[in-house]
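Input: a single structure, listed below in structure tokens.
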């Protein structure tokens with residue numbers, strides 16, 4: 001019964017149902033394999049956060065993505 | 001001034017305002033009664049999460065609810 | 001299967017086992033009663049945090065408790 | 001690489017992009033200045049929560065704001 | 001740069017360094033594989049919580065483990 | 001009454017009381033200045049996590065610090 005919380009940016013239309021199922025299933029299996037418990041009880045909660053509300057090194061991901069695009073298009 | 005964070009699935013149209021008030025009030029009173037503090041300062045934050053983003057034992061709640069419905073309708 | 005996380009200050013030797021059991025049980029029953037689910041699956045996690053690491057209005061609880069004591073002893 | 005999570009109420013149309021950038025940048029700079037690390041790697045995540053889902057002292061912020069308005073308009 | 005927070009009970013002397021490295025590495029690789037980002041920036045934070053402070057269905061894990069032992073020893 | 005949670009690694013003997021007070025006070029003032037609320041009610045909770053339990057890009061901070069030391073000593 002571990003609780004795993006994933007916070008990630010909402011990008012490109014958001015994570016698909018399939019991606020989220022893969023992630024939850026994969027984390028649960030990984031945990032159960034390493035610790036020998038949690039296989040049927042691990043809780044995984046995925047939260048997608050706007051790139052405006054998520055920053056790294058003081059820059060929002062919105063801003064970081066914009067700078068990446070500019071560099072790519074040069 | 002404890003901080004209580006509730007993460008729950010968003011189901012059946014979501015928790016009503018009344019349900020959320022009951023929960024916040026109830027948790028605050030319970031805490032204050034047990035620990036003799038927090039009655040006027042406890043913070044309760046309720047987060048409702050899509051059933052696609054919430055999994056138990058590697059299965060999303062969406063999937064679990066679907067399986068429950070099938071069993072019921074047999 | 002809601003997940004409830006309680007963050008509270010570690011004071012007066014810390015919450016006792018009995019207090020923590022009361023809190024977890026109480027929150028679980030309250031949730032189940034209001035939402036009609038979670039009775040056997042709600043997860044409650046209690047985290048006790050040093051009063052040095054917990055602040056309200058920019059003042060640590062350590063500092064706030066010290067000021068309260070001074071006022072009481074006048 | 002500290003992770004800072006800000007939970008705040010969504011009020012008056014929500015925090016603007018500029019306010020959120022200021023907050024993330026400010027917290028990151030403050031952390032880096034005090035601890036001499038994290039300047040390029042601190043993660044700041046801002047979550048805006050409905051005033052219906054956020055309570056202090058057992059009262060939702062929705063309710064608290066309503067009471068404040070009544071008092072002001074007397 | 002997703003942030004993954006794992007809350008688990010502290011049992012049997014706690015998770016070993018090797019187990020924690022496996023978990024962090026595994027979750028990071030899984031995320032990167034599914035979403036094609038985060039390989040070098042995902043943050044994984046593991047928190048081990050006393051079984052007294054962790055409850056499922058209103059019962060602490062301490063209590064649940066004790067009941068399991070009794071059943072096994074019958 | 002925003003709630004700000006800071007998770008950081010416990011390094012070099014841990015953050016001092018003064019550093020933690022500076023951080024809590026600074027974040028609270030910053031928030032109040034930007035949003036014009038929270039000055040007396042913002043909650044800041046600082047959690048220091050073992051470098052064994054904190055990883056970036058699949059490597060624990062313990063490991064990352066060790067590699068940094070090796071590079072410096074060449």
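Here, each number is a calculation from the coordinates, and none is a lab measurement. Given the structure is predicted, the values throughout are model-derived calculations rather than measurements. Because the Cβ atoms are built from the backbone with ideal geometry, glycine has one as well, and the counts that use them run over all protein chains shown.
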Is the protein assembly as shown rounded, prolate or oblate when judged by the Cα gyration tensor, a ≥ b ≥ c being the square roots of its eigenvalues, rounded requiring a/c under 1.5 and prolate requiring a/b larger than b/c? rounded
Rounded to two decimals, the Debye log10 I(q)/I(0) of region D:11-74 (Cα scatterers, no solvent) at q = 0.14, 0.23, 0.28 Å⁻¹ is -0.62, -0.93, -1.10
Can you give me the angle between helix A:17-35 and the longest principal axis of chain A, using Cα atoms only, in degrees from 0 to 90, rounded to the nearest 10? 50 degrees
As a test of the formula, what do you get for chain A when each DSSP H run with n ≥ 4 contributes -39,500 (n - 2.57) and the sum is divided by the residue count, at 222 nm and rounded to the nearest 500 deg cm²/dmol? -14500 deg cm²/dmol
Proxy exposure order for D:60, C:40 (fewest C-beta within 10 Å first) is C:40, D:60
Sorted by Cβ neighbour density within 10 Å, fewest at the top, the residues C:28, A:72: A:72, C:28
Tilt relative to chain E, helix E:61-73 - C-alpha long axis, 0 to 90 degrees, to 10: 60 degrees
Ranking C:9, D:62, B:16 by Cβ neighbours within 10 Å, fewest first, what do you get? B:16, D:62, C:9
Once you place label points 7 Å from the Cα toward the Cβ at residue B:18 and residue C:17, how far apart are they in nm? 4.1 nm
